[in-house]
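Before any comments, here is the structure.
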Amino acid sequence: MFAMFKKINTPTAIVIVISFFGMISCDNGFEEVNSNPNANPTADARYVLPYAEEAAVDLSVGGLDISNLYVQYYSNLLYASSGIYDYSPSSSNGHWSTFYINILENLNQIEIAAEETNNVNQEAIAVILKTWIAQNMTDLWGDIPYTEANLGNAPLEQKVINPKYDSQESIYEDLIVQLDHAINIIDESSSPFGSEDLIYNGDMTKWKKFATSLKLRVYMRLSEVKPGVAQAGIQEVYTAGGYFESNSDNALKPYLQYPNNHPDNEQYRLREDDKVSATVVDNLSALNDPRLRIYAAPTGQTSEIIGLPVGLEQGAGYTNSNVSPIGAYFVAPTTPGVIMTYSEVLFIFSEASARGWLDVPGKSAGDLYEEAITANMHMYSQEKLDAVLSSFPGDDTYNTLGLKESEFPSGITDQEIAEYLQQPGVAWNPSQWRELIGLQKWIKFYNQGVQGWHEWKRLNYPVLEPGRDALLDEVPKRWIYPLSEQSLNGDNLSQAVSNLNGADDLTTHVWWDQ
């Protein structure tokens, strides 16, 4: 079965735990939040931030990995329920509460303290992280509590026990407002954090670039439902500049050896639930894509890479030893947690150019597309692989998966990249921009299942079909609201469901998925 509660690593700092009824909130979007009398009013943000960042990245790169099954990066072998879409509303209880309580409430406390002390950079970091998390949440469920959440412990006149659900459209409008606010207040000449900031070590120039790049993601997600807004927004961001300019700007969270290891390394320490899907192996094999050797490891019986078909009931004649495990790089303890990368920015500019929305001097949509693929492949250079894999042999997950150091992949070379870009099925064709960008973004987002799933829904490429034993006749499009909301906030939940045309199920499209 899908592992619902994955380990959330706790850094060696004071952990701030907020009570259950601190469901997120503010009076006007995320910015104007109220004090929580049950939280420590003098809590040092240097202690709160690493916990909130750890919880946020752990959940995004590990706890949400059911999306790796939905977008067919992985297939289930032993615990097949998630892969055949046997989904219970109780499945998202833990994710919902982790988002609201462990992450957003702690970020709220950082923001409150920062506003009181006029620490603009601490405020900006909190706002940027909350915006990133809010987009993840609304893209998973649709309408969510936003402006009236986390007021369960507020002063009496502001207290809200049952927060309303805001429309996804209104949330998306406010995401831009919040990111603009954060960008505008950042003071690049000072730093509020050092090593306590697990993502950028307090480098405010990089935080500003991340916020600006995140605006591009938000705008492009509107491409099918509000194309005029998306076009104008992307043009504005491009003209103003300040987005990611190289892989050195990537928003990543490093992991260490156990017990501060990557969530996927933790997941497979004792058992192996997931295999590389046949969808990945077939698509990448057809393109002679060198990333395949990074994404998957040889089977236990041969030196071949063999994918497991998606959507099969338990077993179905396959065993752990005759299909390929996930590649060693992605299950090592120190592989970085990916939040957003330069490659994604380039794909957004390429798509905007292909749509006729953006004119990049001296570069065509095809040039930007090739640069996007190149930037992604450069993340798997020999140097990058060695940094992660050199200390992996002997690790519990290494042993559980039966990996072999002698079969560790070699890094991708510039020659391989140049040859790959000229291949049929990869080479740029402006009349097929949607198919090409859709496929390459799907490949690029491997192991970032939640973003790969959302972008697949938006572009509809590659073509994905449910597996043989799937309980639905189409691939899921969203998550079902958690069972806890039915009992704790039923009236507001009913209104949110009515905004989904009355269907709180896996195949209902969220607002922007047109």
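The values are calculated or read from the model by the stated rules, or taken from the named source; none is laboratory data. Computed from a predicted model, the values in this text were never measured in an experiment. Here the Cβ is made from the backbone with ideal geometry for all residues, glycine too, and neighbour counts use every protein chain on show. These accessible areas exclude ligands, DNA and RNA; they are computed on the full protein's heavy atoms, side chains included. Shrake-Rupley method; radii C 1.70, N 1.55, O 1.52, S 1.80 Å.
Structural remarks
- Answer from Ser35, Ser67 - the residue that is under 30 Å from Asp473 (Cβ atoms), out of contact with any Leu (no Cβ under 7 Å at 6 or more places or on another chain) and modelled with pLDDT under 95: Ser67
- Candidates Ala365, Ala372: the one that is among the hydrophobic types (A, V, I, L, M, F, W, C), farther than 30 Å from Leu78 by Cα, surrounded by 21 or more Cβ atoms within 10 Å (Cβ to Cβ) and over 21 Å from the mean Cα position of the chain (by Cα) is Ala365.
- Hits in the range 294-319 - residues which are out of contact with any helix residue (DSSP H, G or I) (no Cβ under 9 Å at 6 or more places or on another chain) and open to solvent by 10 Å² or more (accessible area, probe 1.4 Å): Gly300, Gln301, Thr302, Glu304, Gln314, Gly315, Ala316, Gly317, Tyr318, Thr319
One line per residue, one yes/no per condition, for (1) among the hydroxyl-bearing types (Ser, Thr, Tyr); (2) at pLDDT below 95; (3) more than 25 Å from Glu54 (Cα to Cα):
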| site | (1), (2), (3) |
| --- | --- |
| Ala149 | no, yes, no |
| Asp166 | no, no, yes |
| Glu169 | no, no, yes |
| Glu188 | no, no, no |
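- Against the test of being assigned to a loop (DSSP other than H, G, I, E, B), within 25 Å of Val310 (Cα to Cα), touching a Gly at 6+ places or on another chain (Cβ under 9 Å) and modelled with pLDDT of 95 or more, the options Pro462, Pro476 yield a single qualifying residue, Pro462.
- Residues (of a type outside the set (S, T, N, Q), open to solvent by 50 Å² or more (accessible area, probe 1.4 Å) and farther than 18 Å from Thr131 by Cβ) located in the range 197-225: Asp203, Glu224
- Taking the range 274-292 as the range and being farther than 25 Å from Tyr79 by Cα and open to solvent by 50 Å² or more (accessible area, probe 1.4 Å) as the test, the residues that pass are Ser285, Ala286, Asn288.
- Qualifying residue in the range 129-142 (condition: crowded, with 24+ Cβ neighbours inside 10 Å, in contact (Cβ under 8 Å) with a residue 60 or more places away in the chain and over 22 Å from Trp512 (Cβ atoms)): no
- Tyr238 touching a residue at least 12 places away in the same chain (Cβ under 8 Å), surrounded by 19 or more Cβ atoms within 10 Å (Cβ to Cβ) and in contact with a Ser or Thr (Cβ under 6 Å, 6 or more places away or on another chain): no
- Of all residues in the range 282-313, those that are among the polar types (S, T, N, Q), modelled with pLDDT of 95 or more and more than 26 Å from the chain's Cα centre (by Cα) total 1.
- Residues being without any contact (Cβ under 8 Å) to a residue 40 or more places away in the chain, of a type outside the set (Val, Ile, Thr) and assigned to a helix (DSSP H, G or I) - total across the range 157-182: 4
- Yes/no for Gly449 being among the small types (Gly, Ala, Ser), surrounded by 16 or more Cβ atoms within 10 Å (Cβ to Cβ), closer than 29 Å to Thr299 by Cβ and modelled with pLDDT under 95: yes
- Selection count where residues are of a type in the set (S, T, N, Q) and surrounded by fewer than 22 Cβ atoms within 10 Å (Cβ to Cβ), scope the range 103-120: 3
- Cβ-Cβ under 6 Å pairs, at least 6 apart or on other chains, the range 57-81 side over 16 Å from Lys444 (Cα atoms), far side acidic (Asp, Glu) and open to solvent by 10 Å² or more (accessible area, probe 1.4 Å): Ala80/Glu313
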